[in-house]
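The values are calculated or read from the model by the stated rules, or taken from the named source; none is laboratory data. Just so it is clear, the model here is predicted, and its values are computed rather than measured. Don't worry about glycine lacking a Cβ; one is built from the backbone with ideal geometry, like all the others, and counts go over all protein chains shown. When the accessible area is computed, the model is the full protein with side chains, heavy atoms only, and any ligands, DNA or RNA have been set aside. Shrake-Rupley method; radii C 1.70, N 1.55, O 1.52, S 1.80 Å.
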Amino acid sequence: MKPRLPFGRAPVNEEVDAELAFHLEMTTRELMERGMTRQQARAEAERRFGDMKSVNDECRRYGVERNRREQRAEYLEELRHDVVFAVRQLAKARAFAAIAIVTLALGIGATAAVFSALDAVVLRPLPLDDPGRVVNLQPTRRGDAAGISAPEFLGQRDTRAFEHVAGAVLGTGVTIAMADTPELVEGARVSSEYFDAFAVKPKLGRGFTREEEQPGAPKVAVISHGLWVRAFASDRGVVGRTLQLDGAPHTVIGVMPAEFDFTRETAEIWLPLVITPEQATKYNEKYLTMLARLRPGVTLEQAAAAATATQRAVAERIPDRVDPVTDYAIVVDRFIDQMVGDYRSLLFTLLGAVGFVLLISCTNVANLLLARGTGRGKELAIRAALGAGRSRLVRQLLTESLVLATLGATLGLGVAYGLLRVIVAVSPESVPRLEQAHIDWRVLLFTLTIGVTSAAIFGLLPALRTVGTQMQGALREGGRQSKAFARDRLRGILVAAEVALAITLLVGSGLLIRSAWRMQHVDPGFDPRGVLTARLILPEARYTTPDAITRTYALIRDNAAAMSGVQSAAVASIVPLSGSDAQSSVLAEGQPRDVKRPQANLRLASSGFFATMGVPFVGGRDFARTDDANAPKVAILNETLARKLWPGVPTRDLIGKRIDALSGKRTESIYWEVVGVVHDLHDASLTQRPRPELYVPVDQTPATIWPLIQRSLVVVVRATNPSTDAEVFVKPLRRAVAQVDASLPLADSRTMMSYLRGSLETARMNTLLLSLLGGIALSLAIVGIYGVVSYFVTQRSHEIGVRLALGATPSRIWQLVVRRGLGPIVVGLLVGLALSVATSQLLASQLFEVSGHDPVTLVAVGVLLLIVGLLATYVPARRAMRVPPVVALNDG
Amino acid sequence: MPAKDRLHGTLDALILKTLTFGPRHGYAIVQWLGQQTQDKLQVEEGSLYPALYRMERDGWIKADWGTSELGRKAKFYSITEAGRRQLRAEAQSFAHFVDAVAPLLLPT
């Protein structure tokens, strides 16, 4: 090692003082030689020197800097030396290095991949100015989420806590008349504050004004960056052009910037939200979404309190209000939280799982390093004898870990890249922003950090242990055996930890996989095989009367039913699992009017809908063609609604009863006669309990409903042969619709099988990813157990040989080895099971019909680990029994 | 080129030049420069030592404690390879400076 400068450790101040004193002394002597007295000479020397103190200070400053530079250079030199040495050592132990690097690459890579997904979806802020101030306003009534009516929105506009409050109707389809075919794009009707709430300015042109919210104002539209590029080839002259939207001419006034396309699902076209004076007083027409921008410094709680106060003031004015105003409140959430929704907890769960994998791989490598430490006793002892201190040796060993971690992290980036592909491929389409996940500098930084951290985790303990024993054992060859016991115990603890971690991860995965399995076996309540659905929207311009609308749908339906290979066709307002919803309050005839009325999902359906969707009847009859606008109003209920309205009444007695629903005002009543009761079906998702549902005939739809639903219905077609892939009907259906009106586009054409798969996508993603991670954890645990037991066997081959030579039976040896291997496994098993019971509580919200300590999962995972552990023990143990006694004698 | 740099650079160059004839301590450097210029050049201690420490920091010279002629411990400086390179560059730049300034200041 390079010797330090002889004065290197002397403090700089002493060095400078000594040097300057020497100079003064020399000058003094010279002057004395010229005849001065010592005192005179000294005084003259000091005078010549000048300002001693400032010179001294300046020298010290440079001296301190010099020392610092030298230390750094020395440190870098040592590091370089250590790295070169480490690489050379690793090159000598290829098998060890390869296993360690691959193990680390799996752990680090998996963690980096999940982190990059989490980062893209959850952590990265929206590309907006101060995105935390964009909030969602959700009214509640007695804690239950409620819709938003126009007067409620208009009331919030003046709440002081917000800079801007915007109302919107999101998710409306807009038909654009393109050159050849009409195209239906995602659209939204938004109030003039909408873009201000996000603090986004249009890239071209302008946003909406208050004047454009007035009925009869000139028709204008703002388009998204995506649509501008796709349909207008990024033509800057698009502002001012006229577009045919829903059959009426609109002027394009603005183009939004690319950043405003947050997700794949945001709107592509915005129209002004027009609120008529009549709508402005209707409290029971709830069709709006409310967004706002908080004033700077206002917290969510303050905003919620202010908005609730406004909401209660508005509720005071509701003429036929039943609930007290204190039942009304507003919940304020950050927009991004609303957007990310459940995927936040899902991705954090994955990150947790992957963290376990990383810990397991660190434990594994620590174990490998420990085994290696034993093999290098002599090398370390020699280096210690040559003057390397304890901390120097620990640093050398840690450098080796760091080199391993760096190589592992580099390879891990490749793993991350691949795994991220897998995550994106198996994730539901609806995970917002996941397509934006990339291996970028944030992920690189994260990978680097976990690489270095894991090097510290897996490297420090073995390094301290190895150096510790070596320093004591020094060059005594026999010293190794005596220390072996302590090291065996540490290795045992590491194996136990690894098993415990693997079990915890596997139990968590097992629970989620079992949930997913349960979910896949939920009866959806309808028969999805061979069923195609597609949405139509009739433009207001050409379909003004209810009669025109119902006649058109009847024609389309008849054309669809006549398609070859089709058994039946029907139309309905909403199909199950499609994500759409509409509600109505329902009252049984004769019930008191001023109670809290039950809410039910409202569905319009044509005759034949239940047969086409495969929903069985419990009693009564289907709608008939004769149930038209002139006939008495009829309704069909599902079992849940029937039970809610008339608890305990048998189905056959329900037929002929009347319900009050869909009236425009609370004081009025519209009665519907119940003609049938159908089975429950899962409408929102497979995991939620069926909700009450009310069906009324399309032909009897109240005229006020049509504009609210954009005169839009879904065509449903069932194939004669249930194994038909219903996709084949898309083209014929388009032709069937075109025969009625060639300007009508077909939107959302999807099979019911696809909706069903879609609702299982999250579960499928859980199953696939957690199986993958569980598999990695299990293989790492196997490598760990195998490594420890075979190490033990190698260490003891001498002893085993002697025992065999002295007449020990193979079964005795077998016991010895297996006990050694199984001990830590059993300890790890017990700790792991206890740990799982604790951690699975965290999963509770993601489990479906499976308890957090589901015995089946716990036992299955325990048995699996035990079998795997036994196998990993068995192979090296067999080797032990084949040790020929000669080896023992020669080896001694 | 600013005057201060010129001055700094010249002092550095003189010290480095001195050290090319062998290791010396600070006092000896002053002596040697005085002798070589018949006492026309008096290097001030106030500039010398900071310059030495600065150049040592920059790796142009290195120092070792040794025993002086009179048997006292003294810090001896010697020039490094980096120092020699610096000296060559500094001498060249000084020559350019003189070339540029001489016709202006010196009567012909």
Which residue, of A:ILE800, A:ILE782, A:ILE825, is aliphatic (A, V, I, L, M), open to solvent by less than 30 Å² (accessible area, probe 1.4 Å) and closer than 21 Å to A:ILE493 by Cα? A:ILE825
Only helices (runs of 4 or more DSSP H) wholly contained in the stretch A:37-153 count here; list those with 3 or more residues that are within 14 Å of chain B (Cβ to nearest Cβ) and surrounded by 13 or more Cβ atoms within 10 Å (Cβ to Cβ). A:38-49, A:52-92
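Matching residues to (1) of a type in the set (Asp, Glu); (2) under 21 Å from A:ALA747 (Cβ atoms); (3) open to solvent by 70 Å² or more (accessible area, probe 1.4 Å):
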site: A:SER573; (1), (2), (3): no, yes, no
site: A:LEU577; (1), (2), (3): no, yes, no
site: A:LEU587; (1), (2), (3): no, no, no
site: A:PRO592; (1), (2), (3): no, no, yes
site: A:PRO598; (1), (2), (3): no, no, no
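A quick yes/no check of all residues on (1) open to solvent by less than 20 Å² (accessible area, probe 1.4 Å); (2) over 27 Å from A:THR266 (Cβ atoms); (3) within 29 Å of the chain's Cα centre (by Cα):
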position: A:THR326; (1), (2), (3): no, yes, no
position: A:ASP337; (1), (2), (3): no, no, yes
position: A:VAL340; (1), (2), (3): yes, no, yes
position: A:CYS362; (1), (2), (3): yes, yes, yes
Taking interchain pairs and intrachain pairs at least six residues apart, which have beta carbon atoms under 8 angstrom, with the first residue in the stretch A:734-751 and closer than 10 Å to A:ASN559 by Cα and modelled with pLDDT of 90 or more and the second outside any loop (DSSP other than H, G, I, E, B) and open to solvent by 40 Å² or more (accessible area, probe 1.4 Å)? A:ALA736/A:ASN559; A:VAL737/A:ASN559; A:GLN739/A:ASN559; A:VAL740/A:LEU555; A:VAL740/A:ASN559
How many residues, within the stretch A:570-597, are part of a strand (DSSP E or B) and farther than 30 Å from A:VAL169 by Cα? 1
Using the structure shown, decide if A:GLU65 is under 30 Å from A:VAL16 (Cβ atoms) and modelled with pLDDT under 90. no
Give the number of residues within the stretch A:309-357 that are in contact with a strand residue (DSSP E or B) (Cβ under 6 Å, 6 or more places away or on another chain) and not in a strand (DSSP E or B). 6
Residue within the stretch A:368-378 that is out of contact with any helix residue (DSSP H, G or I) (no Cβ under 8 Å at 6 or more places or on another chain) and either modelled with pLDDT under 85 or not hydrophobic (A, V, I, L, M, F, W, C) (or both) present: yes
Inside the stretch A:159-217, can you point out the residues that are touching a residue at least 24 places away in the same chain (Cβ under 8 Å), within 22 Å of A:ASP748 (Cα to Cα) and not in a strand (DSSP E or B)? A:MET178, A:THR181
Among the candidates A:ALA221, A:ALA231, A:ALA267, single out the residue that is touching a residue at least 40 places away in the same chain (Cβ under 8 Å), assigned to a loop (DSSP other than H, G, I, E, B) and either among the aromatic types (Phe, Trp, Tyr) or more than 30 Å from A:ASP327 (Cβ to Cβ) (or both). A:ALA267
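Of all residues being part of a loop (DSSP other than H, G, I, E, B) and small (Gly, Ala, Ser) in the stretch A:367-402, which is farthest from A:PRO824 (Cα to Cα)? Just the residue, please.
Checking each candidate, the answer is A:GLY387.
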Meets criteria (free of Cβ contacts under 8 Å to residues at least 60 places away in the same chain, assigned to a helix (DSSP H, G or I) and open to solvent by less than 30 Å² (accessible area, probe 1.4 Å)) for A:VAL818: yes
State whether the residues of the stretch A:296-311 include one that is closer than 24 Å to A:SER430 by Cα and either over 33 Å from the mean Cα position of the chain (by Cα) or modelled with pLDDT under 95 (or both). no
Being surrounded by fewer than 20 Cβ atoms within 10 Å (Cβ to Cβ), on the phi < 0 side of the Ramachandran plot and free of Cβ contacts under 8 Å to residues at least 40 places away in the same chain is true for just one of A:ARG764, A:ARG691, A:ARG757. Which residue is that? A:ARG757
If a residue has to be surrounded by 19 or more Cβ atoms within 10 Å (Cβ to Cβ), more than 9 Å from chain A (Cβ to nearest Cβ) and in contact with a Phe, Trp or Tyr (Cβ under 7 Å, 6 or more places away or on another chain) to count, how many in the stretch B:25-76 make the cut? 1
Which members of the stretch A:533-558 meet the condition of being of a type in the set (S, T, N, Q) and open to solvent by less than 50 Å² (accessible area, probe 1.4 Å)? A:THR533, A:THR550, A:THR552
Kindly indicate whether any position in the stretch A:781-796 is over 30 Å from A:ALA496 (Cα atoms) and part of a helix (DSSP H, G or I). no
Residues that are closer than 30 Å to A:PRO702 by Cα and part of a helix (DSSP H, G or I): does the stretch A:504-513 have at least one? no
Consider A:GLY807 carefully, then state whether it is free of Cβ contacts under 8 Å to residues at least 60 places away in the same chain and within 29 Å of the chain's Cα centre (by Cα). no
Quick check on the stretch A:512-524. Is at least one of its residues farther than 30 Å from A:GLY862 by Cα, among the hydroxyl-bearing types (Ser, Thr, Tyr) and touching a residue at least 40 places away in the same chain (Cβ under 8 Å)? no
The stretch A:260-280: number of residues that are at pLDDT 85 or above and open to solvent by 50 Å² or more (accessible area, probe 1.4 Å): 2
Kindly evaluate B:GLN86 against the criterion of being surrounded by 15 or more Cβ atoms within 10 Å (Cβ to Cβ), within 15 Å of the chain's Cα centre (by Cα) and at pLDDT below 90. no
